[in-house]
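Inspection log for the structure reproduced underneath, given as structure tokens.
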């Protein structure tokens, strides 16, 4: 309770002085999109968004960007979780790798994975997988592909979190390892 009260007072103090944090700006953008007329006008402008490092994007930022690229008339907040219309073809591109998520304090890699899964099901776009690396030698890639699937998989107890409810399966905390392939000119050893 005390922490929540302090957070609200600090926010009010900042706003009285005309200071906004990045989080405040994202929340303001979400608030603006709650106005149906503004949301429709923005969507009709046909924005095209390329989001790099999508695995490190927090859910509120994702929501703003997704909403800007959905078709006019789509109900706010219904994609991908509730089956609403996804982004218009060619309007929302994400580039990311869940295995490289580094901002656990603000980003939600599960949110990223939900969006990728929706693209896998052809909801809102196509998923393209780039699994070739041009940096590592063949031997290193072979070693990684042979060892990391087990290290990041279901077979390790430390990769599981607490079940969300009694009798429910424990969620996998790790992002599944996706095997790599060596580029044609990579060193052998």
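Details
- Its DSSP H runs of at least 4 residues, each contributing -39,500 (n - 2.57), put the calculated 222 nm mean residue ellipticity of the chain at -12000 deg cm²/dmol, to the nearest 500.
- Inter-part distance where segment 4-32 and segment 80-106 are each reduced to a Cα centre, Å: 25 Å
- Taking the C-alpha atoms only, the angle from helix 109-120 to the longest principal axis of the chain is near 80 degrees.
- Compared with the dominant Cα axis of the chain, that is its longest principal axis, helix 2-16 is turned about 60°.
- Rounded to the nearest 10 degrees, the angle from helix 138-151 to the longest Cα principal axis of the chain is 60 degrees.
- Cα gyration tensor category, rounded, prolate or oblate, for segment 1-54 with a/c compared to 1.5: prolate
- The chain, Rg to Rh (Cα coordinates; Rh as Kirkwood inverse mean 1/r): 1.04
- The overall shape of segment 103-176 is oblate: from the C-alpha gyration tensor, with semi-axes ordered a ≥ b ≥ c, the ratio a/c is 1.5 or greater and a/b is no larger than b/c.
- Take every Cα pair under 8 Å whose residues are at least 6 apart in sequence, average their separation, divide by the length of segment 131-189, and the relative contact order is 54 percent.
- A convex hull fitted to the Cα coordinates of segment 21-128 yields 94 cubic angstrom per residue.
No lab work stands behind these numbers, since they all come straight from the coordinates. Note that this is a predicted model, so its numbers are computed, not measured.
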